[in-house]
């Protein structure tokens with residue numbers, strides 16, 4: 001169901017031009033990435049939504065699905081500084097954030113502390129297999145993601161702008177890993193599932209890779225362009241109908257809430273908080289400008305609801321016994337809460 005766009009006279013010509021440039025850039029980035037990453041169109045869109053929403057994303061998939069290649073290629077296409085951190089069980093917080101060392105001035109002989117920045121000081125960070133490092137290092141990483149700064153030796157060091165983390169985790173091997181707690185998962189704007197390619201895509205992967213015919217990535221978007229687009233997302237209007245639909249979906253995930261369907265009370269331990277609603281609306285707005293629209297629609301909300309909420313809903317033991325994942329619960333919620341219902345601001 002479509003929603004009416006805002007009146008043209010209420011939209012700045014500069015913003016309309018910026019939306020057009022955003023759509024063109026998105027299509028160019030997809031074209032560039034298709035030279036080295038075959039398929040995964042939905043994953044690419046969701047990653048770009050997270051970037052333009054000024055958020056971080058967690059990518060989960062079995063080994064060999066080109067998660068690392070996708071992120072590094074995206075960094076090349078966006079002309080951003082890029083660092084990869086391979087998380088291991090012996091990685092310390094200072095290995096990620098940086099550390100202070102004593103240096104001696106050759107002229108005066110005086111010694112003083114100097115901060116040596118860690119790999120976290122880049123525009124785009126690939127946190128590879130983040131669930132393989134201990135909670136202490138995970139906490140340092142997540143704190144930097146939230147505050148966008150690092151404190152060492154009593155001094156605060158600001159991270160680059162834009163700054164975002166794309167973390168990966170392997171869902172298969174759980175021995176020797178440190179799964180992210182639910183409260184820390186909430187720090188990620190989107191939780192993106194990377195699935196196997198289709199048969200035709202896998203055929204093309206084998207042909208290109210073994211034949212040495214992968215293309216090269218050309219830079220298309222500068223860091224300054226991304227900051228402008230991030231600011232543009234905040235100005236994209238959202239109608240009360242779209243806001244109300246997102247509000248109803250998030251409220252519907254909470255057991256005990258009067259808006260929640262009966263199956264939520266029976267199978268969900270806890271649902272999404274207000275951050276889930278903010279994520280849903282912001283990502284719907286970001287998706288709108290990627291597709292060249294200066295207004296978010298109900299379809300935008302539906303397109304981002306799973307990556308926005310799947311890590312913010314926890315099924316109880318009964319749900320696990322019935323093999324009801326958070327994705328299945330969201331599917332049931334989309335059926336139970338219709339988009340064409342009339343929504344308005346609640347009185348209480």
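For segment 200-234, a tally of residues being surrounded by fewer than 16 Cβ atoms within 10 Å (Cβ to Cβ) and within 20 Å of residue 299 (Cβ to Cβ) returns 0. Determine, yes or no, whether residue 245 is under 29 Å from residue 321 (Cα atoms) and in contact (Cβ under 8 Å) with a residue 12 or more places away in the chain. Against the criterion (under 29 Å from residue 321 (Cα atoms) and in contact (Cβ under 8 Å) with a residue 12 or more places away in the chain), residue 245 does not qualify. Condition first: more than 16 Å from residue 254 (Cα to Cα) and in a helix (DSSP H, G or I). Now tell me which residues in segment 291-307 satisfy that. Those that are more than 16 Å from residue 254 (Cα to Cα) and in a helix (DSSP H, G or I): 298, 299, 300, 301, 302, 303, 304, 307. Looking at segment 313-320, is at least one residue touching a strand residue (DSSP E or B) at 6+ places or on another chain (Cβ under 8 Å), touching a residue at least 40 places away in the same chain (Cβ under 8 Å), farther than 19 Å from residue 44 by Cβ and part of a loop (DSSP other than H, G, I, E, B)? Yes - at least one qualifying residue is present in segment 313-320. Residue 253 passes every criterion in (1) within 26 Å of residue 229 (Cβ to Cβ); (2) buried (at least 16 other Cβ atoms within 10 Å of the Cβ) apart from (1). Going by the structure shown, is residue 221 out of contact with any strand residue (DSSP E or B) (no Cβ under 8 Å at 6 or more places or on another chain), under 19 Å from residue 79 (Cα atoms), in contact (Cβ under 8 Å) with a residue 40 or more places away in the chain and in a helix (DSSP H, G or I)? Spelling it out, it is not the case that residue 221 is out of contact with any strand residue (DSSP E or B) (no Cβ under 8 Å at 6 or more places or on another chain), under 19 Å from residue 79 (Cα atoms), in contact (Cβ under 8 Å) with a residue 40 or more places away in the chain and in a helix (DSSP H, G or I). Applying the set (1) surrounded by 19 or more Cβ atoms within 10 Å (Cβ to Cβ); (2) in contact with a strand residue (DSSP E or B) (Cβ under 8 Å, 6 or more places away or on another chain) to residue 93 leaves exactly one unmet item: (2).
Here 204, 262 are screened, and the one residue that is within 24 Å of residue 69 (Cβ to Cβ) and more than 21 Å from the chain's Cα centre (by Cα) is 204. What do you reckon, is residue 330 in a helix (DSSP H, G or I) and surrounded by fewer than 23 Cβ atoms within 10 Å (Cβ to Cβ)? Here the answer is yes, as residue 330 does meet what is asked.
For segment 291-310, does any single residue satisfy the condition of being out of contact with any helix residue (DSSP H, G or I) (no Cβ under 8 Å at 6 or more places or on another chain) and surrounded by 15 or more Cβ atoms within 10 Å (Cβ to Cβ)? Yes. Residues that are in contact (Cβ under 8 Å) with a residue 24 or more places away in the chain and in a helix (DSSP H, G or I) within segment 22-41 comprise 22, 23, 25, 26, 28, 29, 32, 33, listed in sequence order.
Among the residues of segment 333-348, the ones that are surrounded by 14 or more Cβ atoms within 10 Å (Cβ to Cβ) and more than 26 Å from the chain's Cα centre (by Cα) come to 2 in all. Those helices (runs of 4 or more DSSP H) of segment 83-188 in which at least 3 residues are modelled with pLDDT under 90 and on the phi < 0 side of the Ramachandran plot, considering only elements entirely within it, cover 135-147, 182-185. Do the conditions hold for residue 46, that is, is it surrounded by 21 or more Cβ atoms within 10 Å (Cβ to Cβ) and within 20 Å of residue 229 (Cα to Cα)? Criteria met by residue 46.
The values are calculated or read from the model by the stated rules, or taken from the named source; none is laboratory data. Not measured: the values here are computed from a predicted model. Heads up, the Cβs are rebuilt from the backbone with ideal geometry, glycines too, and the neighbour counts pull from every protein chain shown.
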